[in-house]
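A quick write-up on the structure given underneath.
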Amino acid sequence: MTEAVSPYPSDLKENCSRCARPVPPDSLECPQCGTLVHSDQMEQFAAQARALEAHGEPHVARERWLACLPLLPEQSLQAQWIRTHVRELEGGGPRKDNPHPSSSSLPRWAQKLGPLGPIALALIKFKSVLSFAAFFGFYWQAWGAKFGLGIAVLILVHEMGHFIDIRRRGLPADMPMFVPGFGAYVKWNAMGVRQEVRSAISLAGPFAGLLGAAVCALLWFQTGYGLWSALARTSAWFNVLNLIPLWILDGNSAIRALSKLERALLLVVNVAMGFALHEVVFGLVAVGMLVRLFTRDNPEESNNFMTAYFIAVITGLAVVLWLVPGKGTGL
């Protein structure tokens with residue numbers, strides 16, 4: 001027998017857990033940064049629902065998913081996804097005489113593989129782990145086992161920054177996927193999500209990368225072991241590179257929430273850091289900022305929080321590069 005849990009929170013938050021700004025008592029998301037007010041409780045319900053689905057109890061899981069809806073804005077992407085998923089679960093329960101999910105619960109493509117279907121499905125579910133292993137193997141061959149493992153873990157830290165920020169907002173996301181020699185990505189659906197939230201999620205990766213690089217720099221200061229300084233410099237350099245506001249890089253989405261004046265400010269900041277540190281990568285970010293001064297995707301209103309966030313992340317990465325010996329990537 002499953003314990004009933006009320007979907008309605010007994011206490012309402014007065015301030016946003018992310019930006020600390022006041023939130024009206026009847027709001028389900030912060031009007032400033034878009035963070036869900038009840039994201040912790042909703043994630044608890046969602047975790048219970050996923051566990052129930054894994055144990056072959058789709059009808060009970062459906063009730064848990066429905067308990068999430070009062071905690072979400074009605075037109076939010078999360079609510080739309082849950083309503084669609086609930087419809088999928090309505091006819092998906094196993095028969096009483098068969099407590100285990102049958103092969104009919106597999107996707108159609110997996111059913112066509114016969115007895116190999118469950119194996120193929122399991123491999124796909126673990127594709128993130130397999131791609132990480134291939135990713136590590138690539139860097140191992142290029143720079144040795146220790147550095148290869150270190151840089152693979154630091155890239156994982158970067159991607160988990162995106163993943164955690166997406167999931168804490170109640171949005172569905174896949175675990176990171178790794179492409180040997182190119183990088184990694186987190187797949188999620190940004191449809192219906194405000195641009196400020198998308199920009200914050202884009203910066204969450206470089207912010208996590210900054211934390212990883214800073215930990216490596218601290219370990220180098222404590223131990224004097226050169227591997228830590230190499231990892232700190234390489235990670236910091238590539239995270240700065242990822243802030244170039246062009247192509248598919250994180251900086252491209254992050255800058256969309258910034259006005260033309262704020263983009264000009266970031267241009268000046270990057271030019272100054274490039275001259276001070278003699279690091280070309282800041283010049284590349286500055287060139288990207290210059291290009292984005294003339295695009296038509298800038299909002300009319302300024303966004304001081306996102307501007308400060310962007311400057312804080314790239315300044316922190318610059319400090320790591322300044323403290324750690326070497327030039328460029330350090331490879």
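The values are calculated or read from the model by the stated rules, or taken from the named source; none is laboratory data. Just so you know, these numbers come straight off a predicted model, no measurement behind them. Methodologically, a virtual Cβ is constructed for each residue, glycine included, from the backbone with ideal geometry; neighbour enumeration extends over all protein chains shown.
Among helices (runs of 4 or more DSSP H) lying entirely in segment 103-199, which contain 2 or more residues that are surrounded by fewer than 17 Cβ atoms within 10 Å (Cβ to Cβ) and at pLDDT 90 or above? In segment 103-199, the matching helices (runs of 4 or more DSSP H) lie at 127-143, 145-168.
Within the option set Val281, Val291, being within 16 Å of Ala232 (Cβ to Cβ) and either of a type in the set (Ser, Thr, Tyr) or assigned by TED's automatic domain parsing to the domain that holds Val240 (or both) holds for one residue only, Val281.
Condition test on Leu210, is it touching a helix residue (DSSP H, G or I) at 6+ places or on another chain (Cβ under 6 Å), farther than 22 Å from Ile311 by Cα and part of a helix (DSSP H, G or I)? No.
Evaluate segment 258-266: report whether one residue or more is part of a helix (DSSP H, G or I) and under 18 Å from the mean Cα position of the chain (by Cα).
Looking through segment 258-266, none of the residues is part of a helix (DSSP H, G or I) and under 18 Å from the mean Cα position of the chain (by Cα).
Within segment 265-304, the set of residues being of a type in the set (D, E, K, R) and in contact with a Ser or Thr (Cβ under 9 Å, 6 or more places away or on another chain) comprises Glu300, Glu301. If the condition is being touching a residue at least 24 places away in the same chain (Cβ under 8 Å), closer than 21 Å to Lys127 by Cβ and of a type in the set (A, V, I, L, M), then segment 155-201 contributes Ile155, Leu156, Val157, Met160, Ile164, Ile166, Leu171, Met175, Met177, Val179, Ala184, Val186.
Yes/no matrix, rows are residues, columns are (1) touching a helix residue (DSSP H, G or I) at 6+ places or on another chain (Cβ under 6 Å); (2) under 20 Å from Leu331 (Cβ atoms):
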position	(1), (2)
Gly251	no, no
Lys260	no, no
Leu266	yes, no
Asn270	yes, no
Val285	yes, yes
